[in-house]
Amino acid sequence: MRRGVLILDTIGELIINGLKATATINAVFYICAGTLMGLIVGIIPGFQSAMAVAILLPLTLFMGPFESMVFLISIYIADIYGGSITATIINIPGTGASVATTLDGYPMTQKGECARALGIVFGSSFFSGIIAYIFMLFVMLPIARFAIRFGPPELFLLGIWGITMLSSVSSGDMRKTLIAGLFGLAIGSIGVTATGEWRANFGSLYLIEGVNFIPAIIGLYAVSEVISMSERKFIVRDRLPEIPKLSNVLKGLFEPFKNIGVFLRSTIIGTIIGAIPAAGGTIGSLVAYGDARSRDSKPELFGTGYAPGIIAPESANNASTGGALITTFSLGIPGSATTAVLIGALMIQGLRPGPQLLREQIGLVYAIIVAAIIAQIFMLFFSIIIGYKVVGILGIPTQILVPLISVFCMFGTFAIRNAMFDVYLMIAFGLIGWLMKRNGYPPVAIVLGIVLGPMIDSEFIRTITLWPDNWMITIFTRPISIFIFILIAISLITPILKKRNKNKNNITNKILPDIDLSED
Amino acid sequence: MFKFSFRDKSIVVETKKNKIEIKEEALILSIIIAFIIPYYFQIIELSKRSKQLPLFIVFIISLLILMRLIKCININKETDKSIVKSKNSQATKEEGSFINKFPLLPILGLLFLAFGVSIVGTYISVPVFVFLMMFYYGLRKWVIMILLSLGVTLFLYFVFKIWLMVPLPQGIIFG
């Protein structure tokens, strides 16, 4: 008890020092600058936070370690806010972590509730970010210790768990969803294997590193959406839509609290999955969406503009940034390209992330986390302003939007590695995405396959390499593996049981509609 | 010998004896098959560890595609003419509401833009592309069209060249 009190006292002191460091004009300036840049980067399709963070890294030479990290982390987090704005308004996710938001965010916009959808997005991101980062302050080390125990079998099963979420994104024929998901897995397996072999690169040097998922996302969502847009006068309807009210945005901010279970579970899912190296916001948001749908009493409403369908992925994707920073700071392991650049930023300042950083610079780490919590307030403020302005896109005729978005998509894709090959890949995915949408194949299933394919494949190969004689026994006997396996079983069985119950109720209602079962 | 006609998302091929309806979905499945077949021949030469999972994927996806293809192709199935009529009348109503343009124009446009950028560079291809696309979609406000075409090009220059320091293609002619 005494030790616990002592630790709390120490953490309390660290938090207060962090607040003092953040309450300076310098810190506020860098938070605002980073937030605005991150929002702009997130809104434009094809732009990634990793790109912006890498390019602005040299600027941080002129900053102290605290200011540089606060600036770069603000870009990292605000990028997700920005990506979710376009995912909701025009069905074009700006980041992989916003793909799941399109499933219910855009349908809600199509119903004429764009302002409410944005409010839910901002509210979910803001409150989950606050909770995840506060959580970070107290449980950073235990989560880091838990995350490091994920070996190849656990990561393989985590990927499989992600794939079982296909059942949650399927609103029609499951076979179509499976075909799309397996197609995505096949595409994701292109590249260099864990054994060093070139696999299915079709003789192209551009495919040695595999298919980058950014051209795939831009093609499947942005380009296919541009094709669909060209058949309408305006984005949402055939006539000029009504201007959304700011009051509806503000009302939507507090909707996560009307679905508190979904919100809290998704925040925890996002934080934990974000903390696992190689997983990230994309996987976290899709898993949270699948979890929310499987537990909901009305799963058929998902995909129709249902509030929990926005709350779940948005809570998870922002919380995952907190989880990712836990492993970045405490273990020195980057979970994504952006966090790898953040490690570079720390090293430029003469600091080495990992256990050493926590031992020697714990004050700095806690100050950065406190600044990230304060930054959420600025993010919410700027998101509401910029998001509300971006809603004006709904009033711009598609005659103007189609060519402009096409140009941004092309050059955003080109900028990844200055290769026109990626642009042609994006165009091919655009055609495939458009055809798929017309015929009931969900593009999100392909994205899921492309994102998870490399992880599932490489961790499977590592597992059978490390345990060549008994890899199957190993997978199903490690404690964390057993836990993930139970989660997989639950996510597969729950929808089947619910469907069976629903059919049973329907049959009962048909047979016994008029019989009064009450006792006299 | 053969008579082709288009119905709602399907092609109907009529011969003397048979009427074959092929749904649009068969096109997607054909694209996936066109990828899976060379993919299979690429992975079959790999080591056992590297090809285990991809082979499993190929096997399952082939089965599923076969099941769907069977459903996509209908031979001599009687079509309900009343349904076809109502679908046609719905299409007419939709034509009046929507801008009924060639839907795949953005794809063709992007291909031409990519080609143009490789030949004459970004600063010529982009404004021409934007202007022509807006013109095709029926916009006739010349000032707005010119301003937007030039504005987008300037935006690309400042954001990519200046801010992100990403070199934009100059093309073969000016490169």
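Quick look at the numbers
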quantity: For segment A:174-316, diffusion coefficient by Stokes-Einstein and Kirkwood Rh (Cα), 37 °C, 0.692 mPa s, µm²/s; calculated: 178 µm²/s
quantity: Isotropic mean projected area of the C-alpha convex hull, segment A:156-226 (nm²); calculated: 6.1 nm²
quantity: Radius of gyration and Dmax over the Cα atoms of segment A:21-62, both given in Å; calculated: 11.6, 35
quantity: Share of Cα-Cα pairs in segment A:118-187 lying beyond 21 Å, as whole percent; calculated: 57 percent
quantity: The protein assembly as shown - mean residue ellipticity at 222 nm from DSSP helices (-39,500 (n - 2.57) per run, n ≥ 4, rounded to 500); calculated: -23000 deg cm²/dmol
quantity: Using a Förster distance of 22 Å, the FRET efficiency for B:ASN74-B:ILE37 (Cβ separation, nearest 0.05); calculated: 0.35
quantity: D (Stokes-Einstein, µm²/s), Kirkwood Cα radius, segment A:29-118, 1.002 mPa s at 20 °C; calculated: 161 µm²/s
quantity: For chain A, the spread of Cα positions along each principal axis, largest first, Å; calculated: 71, 69, 58
quantity: Placed amide H near B:SER10: partners under 5 Å, 5+ positions off or other chain; calculated: B:GLU24
quantity: Square roots of five times the Cα gyration tensor eigenvalues for segment A:445-491, Å; calculated: 21, 17, 6
quantity: Efficiency of FRET between B:LYS9 and A:ILE55 - r from beta-carbon atoms, R0 51 angstrom, step 0.05; calculated: 0.70
quantity: Stokes-Einstein D for segment A:70-131, Kirkwood Rh over Cα pairs, 4 °C, 1.567 mPa s (µm²/s); calculated: 112 µm²/s
quantity: Where N is the number of residues in segment A:283-351, Cα Rg divided by 2.2 N^0.38 Å; calculated: 1.50
quantity: Long pairs among A:LYS298/B:LYS9; A:LYS437/B:LYS71; A:LYS111/A:LYS437; A:LYS111/A:LYS258, criterion Cα-Cα beyond 29 Å; calculated: A:LYS298/B:LYS9
quantity: Column: log10 I(q)/I(0), Debye, Cα scatterers of segment A:114-239, q = 0.20, 0.22 Å⁻¹; calculated: -1.25, -1.25
quantity: A:ASN201 long-range amide H proximity, modeled H, under 5 Å; calculated: A:GLY191
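Only the coordinates and a few stated rules stand behind these numbers; no lab work does. None of the values given here were measured: they were computed from a predicted structure. Note that we place each Cβ from the backbone using ideal geometry, even for glycine, and neighbour counts take in every protein chain shown.
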